[in-house]
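The values are calculated or read from the model by the stated rules, or taken from the named source; none is laboratory data. Please read all numbers here as calculations on a predicted model, not as lab measurements. All Cβ positions, glycine included, derive from the backbone under ideal geometry; neighbour counts span all protein chains shown.
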Amino acid sequence: MQYKQLGTSDLHVSEICLGTMTYGQQNTQAEAHTQLDYAVAQGVNFIDAAEMYPVPARVETQGLNETYIGEWLAKQRREQLIIATKIAGPGRGLKWLREGPRAINHSNIQRAVDASLKRLQTDYIDLYQIHWPDRYVPLFGQTVYDPALQRETVPIAEQLAAFADLLQAGKIRYLGLSNETPWGVSEFSHAAKQLGLPRVVSIQNAYNLINRVFETGLAETCWLENVGLLAYSPLGFGLLSGKYGQSWPDNARLTLFKEFGSRYRKPNVMEAVATYAEIAKAHNLKPSALALAFVRSRWFVTSTIIGATSLDQLQENLDSLGIVLDTKILAELDAVHRRYPNPAP
């Protein structure tokens with residue numbers, strides 16, 4: 001396992017981060033603890049959660065992933081682990097969350113952090129992330145910006161000032177973004193510099209073989225602002241794992257939760273997936289290993305977030321750490337990308 005500095009922080013995170021989106025829905029507490037034990041034994045020191053998890057978000061299960069982590073974390077050496085979680089923003093139909101408007105303002109941030117700390121059974125959160133912007137932006141498979149959909153939003157400087165209070169209180173150590181745009185990263189960075197407020201150190205966005213949109217505007221912005229990418233969905237919601245064929249497994253996420261699959265049901269997605277699987281087979285690699293090794297090979301990726309519903313899946317994903325793609329394979333992957341550019345953005 002290799003470790004990389006996360007942006008301008010003093011956090012050195014494992015190149016693989018364990019995501020916990022399934023804890024409380026597809027994974028029991030016992031299964032979650034088994035995964036956590038195994039991942040840490042393999043050198044993972046970075047665990048990612050969110051106040052709205054598991055997905056699909058429901059009032060009955062909200063926050064269970066943090067609760068499961070907290071029960072486990074209470075028995076660990078806390079200082080050796082880096083715990084990340086997120087505050088949910090407006091929209092997404094979560095009207096029951098925090099019993100009211102979910103604007104990223106001072107009161108909501110305070111409530112969300114305090115609730116996460118209680119569930120996680122810890123005094124501090126290493127990396128606290130805005131799960132999606134407070135303002136309107138196209139998200140989760142939407143690709144066209146529509147000015148008519150703009151909504152009232154909390155100014156970025158006001159958001160940063162609220163997080164500054166929590167850093168001062170020692171409740172969070174660093175701030176990160178998620179599902180952000182180049183404009184958003186730039187504005188957060190510039191406001192922090194101009195006003196002496198906390199800088200964002202990371203961005204958690206989707207990045208995989210069928211969604212490489214980060215490589216353009218965001219790669220430039222994050223390089224210039226020293227913001228590290230935490231790549232989520234490196235297996236394209238499981239499509240790049242090799243388990244999806246002509247008929248999808250009954251227990252697969254895209255089968256169980258159709259509402260989350262819009263970005264993966266677009267033209268050329270399955271054609272691209274099949275072609276990448278052929279490359280993996282030609283080089284005697286598992287499709288999942290090829291996909292994960294590709295994400296890890298990118299200069300702008302600080303850590304790759306993997307999630308698993310079984311210990312076997314987790315073991316397979318971690319086993320991919322030993323694979324380094326040569327220039328020939330990378331050229332073949334780029335050729336497919338030119339044929340099917342970003343079919344699942």
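In summary, residue 61 fulfils each of the numbered conditions (1) touching a Pro at 6+ places or on another chain (Cβ under 6 Å); (2) part of a helix (DSSP H, G or I) with the single exception of condition (2). Going by the structure shown, is residue 29 surrounded by fewer than 18 Cβ atoms within 10 Å (Cβ to Cβ), closer than 23 Å to residue 201 by Cβ, touching a Leu at 6+ places or on another chain (Cβ under 9 Å) and polar (S, T, N, Q)? Considered against the rule, which asks whether it is surrounded by fewer than 18 Cβ atoms within 10 Å (Cβ to Cβ), closer than 23 Å to residue 201 by Cβ, touching a Leu at 6+ places or on another chain (Cβ under 9 Å) and polar (S, T, N, Q), residue 29 comes out as no.
So is residue 144 in contact (Cβ under 8 Å) with a residue 24 or more places away in the chain and farther than 23 Å from residue 307 by Cα or not? So residue 144 fails the test.
Could you list, in sequence order, all residues of region 175-224 that are out of contact with any strand residue (DSSP E or B) (no Cβ under 8 Å at 6 or more places or on another chain) and of a type in the set (Asp, Glu)? 187, 215, 220, listed by residue number. Kindly establish whether residue 308 is touching a Gly at 6+ places or on another chain (Cβ under 9 Å), modelled with pLDDT under 95 and farther than 17 Å from residue 2 by Cβ. Criteria met by residue 308.
Counting only helices (runs of 4 or more DSSP H) wholly contained in region 274-345, the ones carrying 2 or more residues that are farther than 19 Å from residue 46 by Cβ, in contact (Cβ under 8 Å) with a residue 12 or more places away in the chain and touching a Lys or Arg at 6+ places or on another chain (Cβ under 9 Å) occupy 287-297. Out of the residues in region 166-180 meeting the condition of being crowded, with 21+ Cβ neighbours inside 10 Å and not aromatic (Phe, Trp, Tyr), tell me which one is farthest from the chain's Cα centre (by Cα). Here the answer is 166.
Inspect region 91-103 for any residue being of a type in the set (Lys, Arg), farther than 22 Å from residue 23 by Cα and loosely packed, with under 15 Cβ neighbours inside 10 Å and give the result as yes or no. Within region 91-103, none of the residues are of a type in the set (Lys, Arg), farther than 22 Å from residue 23 by Cα and loosely packed, with under 15 Cβ neighbours inside 10 Å. Any residue at all in region 126-135 that's in a helix (DSSP H, G or I), within 22 Å of residue 79 (Cα to Cα) and not aromatic (Phe, Trp, Tyr)? Within region 126-135 (the criterion being in a helix (DSSP H, G or I), within 22 Å of residue 79 (Cα to Cα) and not aromatic (Phe, Trp, Tyr)), the answer is no, since none of the residues qualifies. Out of the residues in region 104-127 that are within 24 Å of residue 3 (Cα to Cα) and among the hydroxyl-bearing types (Ser, Thr, Tyr), which is surrounded by the most Cβ atoms within 10 Å (Cβ to Cβ)? Here the residue is 122.
Considering only residues in region 103-119 that are assigned to a loop (DSSP other than H, G, I, E, B) and over 20 Å from the mean Cα position of the chain (by Cα), the one that is nearest to residue 173 (Cα to Cα) turns out to be 105. Against the test of being assigned to a helix (DSSP H, G or I), at pLDDT 95 or above and aromatic (Phe, Trp, Tyr), the options 38, 53 yield a single qualifying residue, 38. When region 3-26 is filtered for residues that are hydroxyl-bearing (Ser, Thr, Tyr), crowded, with 16+ Cβ neighbours inside 10 Å and not in a strand (DSSP E or B), the ones remaining, listed by number, are 9, 20, 22.
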